[in-house]
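J.: My questions will all concern the structure given below.
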Amino acid sequence: MSNSKLTLGAAFAAAGALGAWGIDALDAQQEKPPFTRTVLQSPDLSLQGRAAVVARVDFLPGATIGKHTHPGEELGYVLEGTLTLEVEGRPSVTLNAGEVFFVEAGRVHAGKNGNTPGKVLATYIVEKGKPLAMPAP
């Protein structure tokens with residue numbers, strides 16, 4: 001289990017314990033994020049300085065991911081739901097379960113989920129040591 005999952009789990013456990021005592025100080029932290037990315041594996045590749053990151057991305061209904069980039073390529077497979085993908089320099093495309101997409105390294109893109117929960121299996125081929133995603137200006 002990754003450190004981010006452990007930290008998130010600890011935060012939810014603490015929020016639940018405080019809520020049981022009637023303390024509402026953590027209300028903002030208890031709200032669900034519009035999407036979560038769960039890293040399933042992240043092996044180093046034979047290509048020096050690169051890693052593959054395989055992740056499941058879960059979207060709440062109507063969730064959006066603002067404009068961002070990755071330090072490498074993103075390959076995605078829509079498992080559930082409907083995702084509208086906007087990639088800079090291309091027309092928007094709506095993807096349904098069973099469809100795939102590709103975003104080049106450094107290409108600005110954004111996404112919006114449809115009205116039902118959505119899931120995407122994403123594989124990133126990225127530069128090691130860099131954040132997986134960065135907000136675009």
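FYI, it's all coordinate maths here, none of it is from the lab. Predicted, not measured: the structure shown is a model, and the values here were computed from it. Counting neighbours? That spans all protein chains shown, and the Cβs are built from the backbone with ideal geometry, glycine included.
J.: Return the equivalent ellipsoid semi-axes of the range 33-135 as a descending list in whole Å, where each equals the square root of 5 times an eigenvalue of the C-alpha gyration tensor.
T.: 22, 15, 12
J.: With r defined as the distance between the Cβ atoms of Glu31 and Arg107 and R0 fixed at 30 Å, what FRET efficiency is calculated, to the nearest 0.05?
T.: Numbers: r = 30 Å, r/R0 = 1.00.
Given R0 = 30 Å and the Cβ-Cβ separation, E is 0.50.
J.: Here's another thing I want to ask about it. In a shell of Cβ-Cβ distance under 11 Å around Asp44, excluding Asp44 itself, what net charge do Lys and Arg (+1) and Asp and Glu (-1) give? Let's see the in-between values first.
T.: Working: positive: Arg50, Lys128; negative: none.
Local net charge: +2.
J.: Taking a virtual spin label 7 Å from the Cα of Thr116 along the C-beta vector, which residues in the range 73-98 bring their backbone nitrogen under 13 Å of it?
T.: 79-83, 96-98
J.: Moving to a separate point now. What list of ³J(HN,Hα) couplings, whole Hz, do you get for the range 43-52 from phi and the Karplus terms 6.51, -1.76, 1.60, once you set θ to phi - 60° and write x for glycine and proline?
T.: Karplus values, whole Hz, x for Gly and Pro: x, 5, 9, 6, 6, 4, x, 10, 9, 9.
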